[in-house]
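Let me begin by presenting the structure, written as structure tokens, before commenting on it.
The values are calculated or read from the model by the stated rules, or taken from the named source; none is laboratory data. Keep in mind that what you see is a predicted model, and the values were worked out from it rather than measured. FYI the Cβ positions are ideal-geometry reconstructions off the backbone, even for glycines, and counts take in every protein chain you see. Calculation scope for accessible area: heavy atoms of the full protein, side chains included, ligands and nucleic acids excluded. Shrake-Rupley method; radii C 1.70, N 1.55, O 1.52, S 1.80 Å.
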Amino acid sequence: MVTSITSFGRSGLSDWLVQRVTAVILLAYTIFITWQLVCGTDYQQWSALFDQTWVRVFSLSALLSTVAHAWVGLWSVSTDYLVEHVLRIKTNEFLASRANLLRWAFQGACGIVAFYYLVWGIQVLWS
Amino acid sequence: MLQVSIYRYNPATDAEPYMKDYQLDTGGKDLMVLDVLELLKEQDTSLAYRRSCREGVCGSDGLNMNGKNGLACITPLSETVVKSKLVIRPLPGLPVVRDLVVDMSLFYHQYEKVKPYLINDEPPPAIERLQSPEDRAKLDGLYECILCACCSTACPSFWWNPDRFIGPSGLLQAWRFLADSRDTAEVERLADLDDPFSVFRCHGIQNCINVCPKGLNPTRAIGHIRNSLLAAAT
Ligand code: SF4
């Protein structure tokens, strides 16, 4: 059985909690950024905003939340659809017989993209 | 004239499933879908389906009627027929044995996993384990399930993971025993459910509530299980 080894957290409950908590952080950040944009920003204001440590920390927490939220969500999607019996119905025998490989490739790609954005985001915030 | 289209498949003779059309004169009566099947079986004796009590108690004739799961015996034509047309298919997501008869093994396997019986390691009292009326009331809306599988086979999460997601019906029963004041295995029961699939594949789609012929609410029971897992972890 595929259990906590491949999922983000140690249990279904922690995955579920991660999903809820990160959603709240992302909502707060979205409102914050939208509000800033609506108030109008030029380069000076924008750069002054991101000079403040709390804004960087808040942005980083939003970035980490995106990574965690996306990982839990896409892991769920891949274990729903990229499995043998679903691929057999939706596609063909060739893909179905390679379901595990496809799923791991998809999860690997998600992981790499998430890692890339995280490192890049940190660089942007602290440079 | 009622146009009925029925899913047919006999693995011994058919290479593939197909839809077969029938015409039926209902005499203007608002028959139950099961009555329609009985009348059609007089025309075509090869038609296979399950039935037993014919009054919504046994749960044998769960079918997909015009796209919605339900019990054929308590679904009147007036509730399901659109423009004199009725399409009957087997419950979705389970292997078809023949025509409208599905193999329920996966469904029962998930039911078995939740240990659907009282576990109590305290010595049994002389007569019976008593329960207060309030505690007994907690089982209302749970014990009535007849295991017809209409809900689980309407659930996309169960379609994708029938081997790992317990499904609405099994989870309703899991909560039925978790909620029972006479059961002492709460910790073990919860531990068995705390993986990413058993409970947490429920995404709150709520098809289960929509189709349950007994008017039960598996989504609410799943919410209770989730809250209990949360309470046990904190
Ligand atoms: S909860 Fe309702 S739909 Fe599901 S198996 Fe029980 S009676 Fe049938």
Grab the strands (runs of 3 or more DSSP E) fully contained in the range B:23-92, keeping just those with 1 or more residues being more than 13 Å from the ligand (Cβ to nearest atom) and open to solvent by 60 Å² or more (accessible area, probe 1.4 Å). B:85-89
Boolean, B:Q173 is within 13 Å of the ligand (Cβ to nearest atom) and in contact (Cβ under 8 Å) with a residue 12 or more places away in the chain: yes
Residue pairs within 6 Å by beta carbon, gap of at least six or interchain, first lying in the range B:135-158 and within 14 Å of another protein chain (Cβ to nearest Cβ), second more than 10 Å from the ligand (Cβ to nearest atom) and in a loop (DSSP other than H, G, I, E, B), listed first then second, are B:S157/B:F165; B:S157/B:R201; B:F158/B:F165
Tell me which of these A:S127 doesn't satisfy, since it passes every other one: (1) open to solvent by less than 40 Å² (accessible area, probe 1.4 Å); (2) not in a helix (DSSP H, G or I). (1)
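Just need a number here: residues in the range B:127-158 that are away from the ligand (no atom under 16 Å from the Cβ) and among the hydrophobic types (A, V, I, L, M, F, W, C).
To start, the set of residues in the range B:127-158 that are away from the ligand (no atom under 16 Å from the Cβ) comprises B:127-138.
Those left that are additionally among the hydrophobic types (A, V, I, L, M, F, W, C): B:127, B:130, B:137.
Summing the residues that are away from the ligand (no atom under 16 Å from the Cβ) and among the hydrophobic types (A, V, I, L, M, F, W, C) in the range B:127-158 gives 3.
Return yes or no: is B:I166 within 24 Å of B:A232 (Cβ to Cβ), within 14 Å of chain A (Cβ to nearest Cβ) and at pLDDT 95 or above?
Yes: the conditions hold for B:I166.
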Return yes or no: is B:D195 more than 14 Å from every other protein chain (Cβ to nearest Cβ), more than 16 Å from the ligand (Cβ to nearest atom), open to solvent by less than 20 Å² (accessible area, probe 1.4 Å) and of a type outside the set (G, A, S)? no
Right, A:Y81: among the aromatic types (F, W, Y) and within 22 Å of A:W16 (Cα to Cα) or not? yes
All positions within the range B:202-223 that are more than 14 Å from chain A (Cβ to nearest Cβ) and either open to solvent by less than 50 Å² (accessible area, probe 1.4 Å) or more than 22 Å from B:M65 (Cβ to Cβ) (or both): B:C208, B:V211, B:C212, B:P213, B:L216, B:N217, B:P218, B:T219, B:R220, B:A221
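Restricting the range B:93-118 to residues that are of a type in the set (D, E) and closer than 14 Å to B:S152 by Cβ, which is surrounded by the fewest Cβ atoms within 10 Å (Cβ to Cβ)?
Let us first name the residues in the range B:93-118 that are of a type in the set (D, E), namely B:99, B:103, B:112.
Going one step further and asking which of them are closer than 14 Å to B:S152 by Cβ, we end up with B:103, B:112.
Numbers: B:D103: 13, B:E112: 10.
Among residues in the range B:93-118 that are of a type in the set (D, E) and closer than 14 Å to B:S152 by Cβ, the one surrounded by the fewest Cβ atoms within 10 Å (Cβ to Cβ) is B:E112.
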Hits in the range B:169-188 (condition: basic (K, R) and either at the interface with chain A (Cβ under 10 Å from one of its Cβ atoms) or buried (at least 20 other Cβ atoms within 10 Å of the Cβ) (or both)): B:R176
Between A:A70, A:A62, which is in contact with a Phe, Trp or Tyr (Cβ under 8 Å, 6 or more places away or on another chain) and within 30 Å of A:T34 (Cα to Cα)? A:A62
Subset of the range B:3-22 (residues that are closer than 18 Å to B:L63 by Cβ and in a loop (DSSP other than H, G, I, E, B)): B:Y9, B:N10, B:P17
